[in-house]
1. Suppose the chain between D403 and L60 were pulled fully straight at 0.36 nm per residue; how much longer would it get relative to their current alpha carbon spacing?
2. For F439 and E165 in one chain, what is 0.36 nm times their gap in residues minus the Cα-Cα distance, to one decimal in nm?
3. Could you please report the charge total around V118, scoring K, R as +1 and D, E as -1 over all other residues with beta-carbon less than 10 angstrom from its beta-carbon?
4. At A69 and V228, where each label point lies 7 Å from the Cα along Cα→Cβ, what is the point-to-point distance in nanometres?
5. What does the charge add up to near S192, with Lys and Arg as +1, Asp and Glu as -1, over the other residues with Cβ less than 11 Å from its Cβ?
6. Going through the cross-link list K54/K487; K336/K423; K282/K408; K54/K205; K99/K122, which pairs have a Cα-Cα distance over 23 Å in this structure?
7. By per-residue mean of other Cβ atoms within 10 Å, what is the highest-first order of 65-78, 201-214?
8. Note down the net charge around E399, summing +1 for each Lys or Arg and -1 for each Asp or Glu among other residues with Cβ under 10 Å from its Cβ.
Amino acid sequence: MAGATALPLQEFIASLDDTCLPKLLQVCSGVYFQGSIYEISGSEVCFSTGDLIKVTKIELLSVSCQDVANNETFELPISHTGWSREILVRMVKSIFHSKMTIGNLALGAGTALTVLSVEKHKDQEDQVRCLIRGQQEASAEVCIPVSFRGEFYECESEERFTLREIMSSSSLRSRRFHFVNATKCDRPLMLSPVYHVQAVMNLRKNVVKFPSSLEVDVVDVTELCKDVHFIVPLSLSEVHSEPNKSFPGVVEIIEDPETRSLFKCSWLPELRKNEHLIFHKKGTSPMILLSTLKSRKTPQYFLVSQQYGGRFRRRPREFNSVYELYVASIHAPGLKVSVTRNCEEVEEEGLPALSVGEQLEVVRCDRMVLPCEGKDQVKREDEKEEIIMPLYMEGHFVEVLSDNRKYKLSDLGKEFSLPLDVKVVGRDTELEKDPLYGFSCLRIEAAMLEPTIQASFVHKPEYCFEIPTQWLSMSVYFTTDPLPWPKDQPPTCQVERVTEVADTFFYEFRKRGNSDAEPPPRPPKRNMSFSAPPKKTKKSKKANKSKHQGDKSVPTKQFSDLTLNNKKRPPAPPPPVSDSFHACITFSKAIIIKAKAQLRLSRFSCHVRFLLKPHYGETNIQILIM
């Protein structure tokens, strides 16, 4: 500031006390270059020329000791208990270098004087009252005019002070001392306080902490800058923690979003530094995560608000192994499937033949022994047949749905577990363009409750979008700008209900959601050591690929537990395990086939029984854990 006196920071802080705070300072020069950041006792401080610093608190931290002879410095903690002996203090002891006469009093060379006080008299010259000690402890007082000239030199005082006592007195801080019984330094020292300074600065979120010994010059601008307002940056999570009375309000973006790669929405590119937004309100929004078919070259992912007004129909799921049927039937009893690819019988492995179009229903899951060679005895009863399949059997099935209802998004979460395949059959009429309408199949991957901020741009206050605060990193501050509508007449907002996200969002979501979750159990493997090579097998890379895909399609705990109303369901249990038995599912056909064959105790397997009506192809699958 022009006309103001610049002082070293340490000198200025030393002249302050708690009663005169806060003080507003401006940095005018120093060794800290523009934009440089220095770490000082765990605090990062960046001072640039022209910065404003609002000092709110000072605390005595240590004492800087400067050797008068060689200008070397060192610091001592304020709690240092060593005694200091004064060389020149408030009660100054001086010795005449030569004989002097003051009025009627003659003082010989070497006479010691102790300054007691300075006396001021109206219309008279100021005088210094001094104490003179003679022989045998005799003493006298004498007043010496301040204009008196003579030769004096200092002598040492026997009074002792602690560091805290010296620092608490402005007069003592200007004197010289040396330590009694000192081992480090016995030469005269100049002592100055080092304070721990707490301050606030513009565009800094936290309180700035730094020592007063920084080599910068400052100017006191407290009176000149009374109306200066310091901007406090806030993250979106911190904005969400603000009280409801802060909304609606106009904010300005201080830093560009750091997580642009997670979103593909239309409003994200407009979030730039210095852009103004309206934050209408905060809340917690139920949302679902949707994905398109994996067979698409470029899968797409969407965050959809539960307020989405479109209508859905369920889509049949596909399964690539008996184990997947087992997992699905645990969460959805009554699951029906149809065979989509022929399977050849492998008698030695207990793998039955399946034909395209056969419809099956799981009856139960238990532990059974594998059948050996021999003639099966078939018993017909109510034209039903039982088929046993081990969980390790690969196959190709598609879910049979008799449900043709149209569901709201919220209704799907009440009746079904996730993941769930659906199709949008009725677009959201309140959206100008529904991005979900037209996909042949969508998968509801998960449901979540997300803290959000409903926002809009100042030039389009009625077109709103929801910002998920945990997924977008951005700094803003509340401005004092008025809202762009008449008082108490907010516009009717149209909220964007579908936000497209990137695949990185989906992977990050799964990583966060399953960080502590155990992986799903593996399906049991064939016990090849107890069986001869199968007669008819077609093993190929395609079959191996199908097996790995089966592992991927098993729903994780996060997805299978979450529903749209956040109601948790238990994960799929592991299949029955035994040293002597294998886990199998029993399916049933229309003709009951009870196989009474010889059993080999070394070959056991748990199977699936199907019920099949050959003429009508009706099959139901139900599982009962034994």
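The values are calculated or read from the model by the stated rules, or taken from the named source; none is laboratory data. Predicted model, so just to flag it, every value in this text is computed and none were measured. A quick note on method: Cβ atoms are made from the backbone with ideal geometry, for glycine too, and the neighbour counts reach across all protein chains shown. The accessibility values were calculated without ligands, DNA or RNA, using every heavy atom of the protein model including side chains. Shrake-Rupley method; radii C 1.70, N 1.55, O 1.52, S 1.80 Å.
1. Working: separation 343, 0.36 × 343 = 123.48 nm, distance 7.69 nm.
Fully extending the segment from D403 to L60 adds 115.8 nm.
2. Values: separation 274, 0.36 × 274 = 98.64 nm, distance 8.08 nm.
Using 0.36 nm per residue and subtracting the Cα-Cα distance, I get 90.6 nm.
3. Working: positive: K120, R129; negative: E119, D126.
Its environment carries a net charge of 0.
4. 4.5 nm
5. With Lys, Arg at +1 and Asp, Glu at -1, the neighbours total -1.
6. On the way: K54/K487 35 Å; K336/K423 19 Å; K282/K408 25 Å; K54/K205 14 Å; K99/K122 31 Å.
Beyond 23 Å between Cα atoms: K54/K487; K282/K408; K99/K122.
7. Values: 65-78: 13.4, 201-214: 16.8.
Highest-to-lowest ranking by the protection proxy: 201-214, 65-78.
8. On the way: positive: R314, R315, R317, K336; negative: E318, D421.
So the surrounding residues net to +2.
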